[in-house]
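The values are calculated or read from the model by the stated rules, or taken from the named source; none is laboratory data. Owing to the predicted nature of the structure, the values given are computational and were not obtained by experimental measurement. When we count neighbours, we look across all protein chains shown, and the Cβ atoms used for this are built from the backbone with ideal geometry, even at glycine. Keep in mind that these areas ignore ligands, DNA and RNA; they rest on the heavy atoms of the full protein, side chains included. Shrake-Rupley method; radii C 1.70, N 1.55, O 1.52, S 1.80 Å.
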Amino acid sequence: MSRAGQPTRREMLQQTAAGVAGLLSGGLSFTEARADLIRSENEKPGTTSWMLENTRVDPATKYRCPWIEGYVSHTSIRAGEKLAIFVSTNPPSPFVIDIYRLGYYGGKGGRHLLQLGPFRGKVQPDPEIGVERLRECQWEPCTTLTIPNDWPSGVYLGKLTAEREKLQSYIVFIVRDDRRCDFLLQCSDTTWCAYNRWPSQWSLYDDGKKVWYWGPNVRVSWDRPYGKYCQILDAPLSQGSGEFLLWEFPLAFWMEKEGYDVSYISNTDTHRDPAGLLRAKAFLSVGHDEYWSLEMFRNVEAAIQKGLNVAFLSGNTCLGRIEFYPSQREVSLRAFARVGVFGPLTENDYQGFPEMRRFKYQEPDARFLMGAASVWPVTGGADWICVDEKHWLFEGTGMKNGDAIPGLVGWEWHGNPAPIPGLQIVARGKLFSRNSPGEYTATIYPGPKDNFVFNAATIWWAQGLSSPPGHLLPSAHGAKPRGPDPRVQRMTRNLFERFRQSSGPA
């Protein structure tokens with residue numbers, strides 16, 4: 001095992017050989033299509049014990065929980081691979097790690113899989129300040145977990161509990177597979193990492209001079225714990241989970257309740273595995289999906305040309321262009337920096353963030369991938385208003401032109417639709433914003449293989465689908481979603497059924 005917990009070449013060959021042996025002996029194939037996998041998984045007993053009950057944030061840092069905090073060696077990982085887990089307890093305390101897979105599970109939201117420990121626990125050092133203000137931990141792992149072969153793809157939480165005071169926080173990772181499926185749910189974990197201020201103000205948004213900086217020459221790493229969420233919602237009970245519980249989980253919870261054939265991936269999988277996108281009929285960008293590499297953009301663009309359906313159930317998507325870097329331990333894709341934007345900037349953008357003038361790149365234009373994209377003033381909220389009642393998207397919803405779903409648009413959105421042949425605007429409205437006024441546009445455009453691309457134009461689409469245990473509704477810029485809405489649920493079913501009926505990538 002390498003120092004960072006990543007498998008060496010020898011170990012990878014051994015794991016491959018073991019996998020082949022398992023297949024020859026009749027074991028489960030992780031490339032095999034299993035449309036009933038998620039439905040069968042959710043028939044297993046669930047629990048709400050995955051939820052944090054006792055956490056604390058250090059007021060001196062505003063974001064971290066030094067009493068117990070941790071991170072893992074992979075953003076996403078396959079069954080049979082080894083996950084290194086790094087934990088610090090200050091003051092030193094024995095601790096345990098309970099691993100859960102999140103899903104529906106009878107409405108409980110999670111299934112308990114195993115408990116690791118107890119471990120001794122110790123204070124691990126804060127990292128030095130590295131290149132471009134990088135804070136990258138060099139902690140010693142407390143344990144290494146080989147992902148069991150019967151763990152299906154999904155988002156997994158490790159609940160860390162210190163014996164001293166019983167304080168808790170999370171680690172989070174994605175288990176991915178390679179099977180054919182109907183849906184790929186991409187978690188927006190580059191954005192989680194970009195906004196992570198651990199240990200205090202060290203996010204992609206801090207150059208040491210400005211707290212909300214939007215320019216180049218700042219680098220962030222996954223080799224550190226996730227601090228408390230830092231934006232529009234005070235959610236300490238999500239400590240250590242990135243932004244998954246806030247934005248992606250309501251969609252995952254609803255999809256698994258409905259029994260959809262879904263597999264989960266990271267932004268880094270979209271970056272490094274273009275062929276993997278073609279195993280699904282549809283790709284889902286979810287929640288706050290701001291940071292993409294050029295490779296991500298080109299891989300999704302090429303997959304659409306080959307027949308992949310795409311739904312951008314997200315906002316502020318594909319705005320910041322990033323480049324990845326290896327860690328100090330030479331593990332690839334463990335750090336990144338912002339190097340540009342997707343699409344040309346305007347004078348309004350420069351007024352808000354003059355440092356944007358220093359960007360290396362201002363292309364390609366995200367509108368031609370998504371149908372519409374982030375435009376100034378970027379932030380705002382609104383009701384989601386139907387403007388094309390005869391479109392099949394609205395079948396069975398009862399919606400007529402002018403009908404609105406209150407507060408569904410926010411807190412960042414898409415507008416300025418691209419001049420793509422066949423593009424239709426299905427919802428449109430004015431924004432409530434603390435900045436200048438704006439207009440969002442939700443769009444659908446056809447692909448070349450009887451496929452299509454939908455853009456919901458809001459981070460909060462999934463808030464209209466479900467409200468999992470412990471979920472909090474956000475509020476910003478005069479708008480607040482109302483929670484599950486049968487019209488949002490029906491529109492999403494209409495979308496997903498069209499996706500499922502398509503032939504998918506050729």
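Can you pull out every residue in the stretch 400-428 that is open to solvent by 10 Å² or more (accessible area, probe 1.4 Å) and in a loop (DSSP other than H, G, I, E, B)?
Lys400, Asn401, Gly402, Asp403, Asn416, Pro417, Pro419, Ile420, Pro421, Gly422, Leu423
Select, from Arg338, Arg334, Arg272, the only residue that is more than 17 Å from Ile444 (Cβ to Cβ), under 17 Å from the mean Cα position of the chain (by Cα) and buried (at least 22 other Cβ atoms within 10 Å of the Cβ).
Unique residue meeting the criteria: Arg334.
For the stretch 385-399, what are the residues that are farther than 24 Å from Pro474 by Cα and either in a strand (DSSP E or B) or free of Cβ contacts under 8 Å to residues at least 60 places away in the same chain (or both)? Even if it seems obvious, please write down each step before you answer.
Within the stretch 385-399, the subset farther than 24 Å from Pro474 by Cα is 387-399.
Across the stretch 385-399, the qualifying residues are Val387, Asp388, Glu389, Lys390, His391.
For Glu128, indicate whether it is open to solvent by 60 Å² or more (accessible area, probe 1.4 Å), among the charged types (D, E, K, R) and under 28 Å from Ala79 (Cβ atoms).
Details: open to solvent by 60 Å² or more (accessible area, probe 1.4 Å): yes; among the charged types (D, E, K, R): yes; under 28 Å from Ala79 (Cβ atoms): no.
So Glu128 does not fit the description; no.
Would you confirm, using the coordinates I've provided, whether Glu363 is touching a strand residue (DSSP E or B) at 6+ places or on another chain (Cβ under 7 Å) and among the charged types (D, E, K, R)?
Numbers: touching a strand residue (DSSP E or B) at 6+ places or on another chain (Cβ under 7 Å): no; among the charged types (D, E, K, R): yes.
No: the conditions fail for Glu363.
Anything in the stretch 279-300 that is farther than 24 Å from Glu363 by Cβ and either in contact with a helix residue (DSSP H, G or I) (Cβ under 6 Å, 6 or more places away or on another chain) or of a type in the set (Ser, Thr, Tyr) (or both)? List them, or say none. Give the steps one after another, and end with the answer.
Quick first cut of the stretch 279-300, residues farther than 24 Å from Glu363 by Cβ only: 279-282, 284, 286-287.
Result: Lys281, Ala282, Val286, Gly287.
Report, by residue number, each residue of the stretch 232-245 that is out of contact with any Ser or Thr (no Cβ under 6 Å at 6 or more places or on another chain) and in contact (Cβ under 8 Å) with a residue 60 or more places away in the chain. Please lay out each step first, then the result.
Just the residues of the stretch 232-245 that are out of contact with any Ser or Thr (no Cβ under 6 Å at 6 or more places or on another chain), to begin with: 232-235, 237-238, 241-244.
Scanning the stretch 232-245 gives Ile232, Leu233, Ala235, Leu237, Ser238, Ser241, Gly242, Phe244.
If you scan the stretch 208-224, which residues turn out to be within 18 Å of Pro127 (Cβ to Cβ) and in a loop (DSSP other than H, G, I, E, B)? Even if it seems obvious, please write down each step before you answer.
Taking the stretch 208-224 and keeping what is within 18 Å of Pro127 (Cβ to Cβ), we get 208, 218-224.
Gly208, Val218, Trp222, Asp223, Arg224 - these are the residues of the stretch 208-224 that are within 18 Å of Pro127 (Cβ to Cβ) and in a loop (DSSP other than H, G, I, E, B).
Return the residues of the stretch 291-306 that are of a type in the set (A, V, I, L, M) and either in contact (Cβ under 8 Å) with a residue 60 or more places away in the chain or surrounded by fewer than 22 Cβ atoms within 10 Å (Cβ to Cβ) (or both); say none if nothing qualifies.
Those that are of a type in the set (A, V, I, L, M) and either in contact (Cβ under 8 Å) with a residue 60 or more places away in the chain or surrounded by fewer than 22 Cβ atoms within 10 Å (Cβ to Cβ) (or both): Leu294, Val300, Ala302, Ala303, Ile304.
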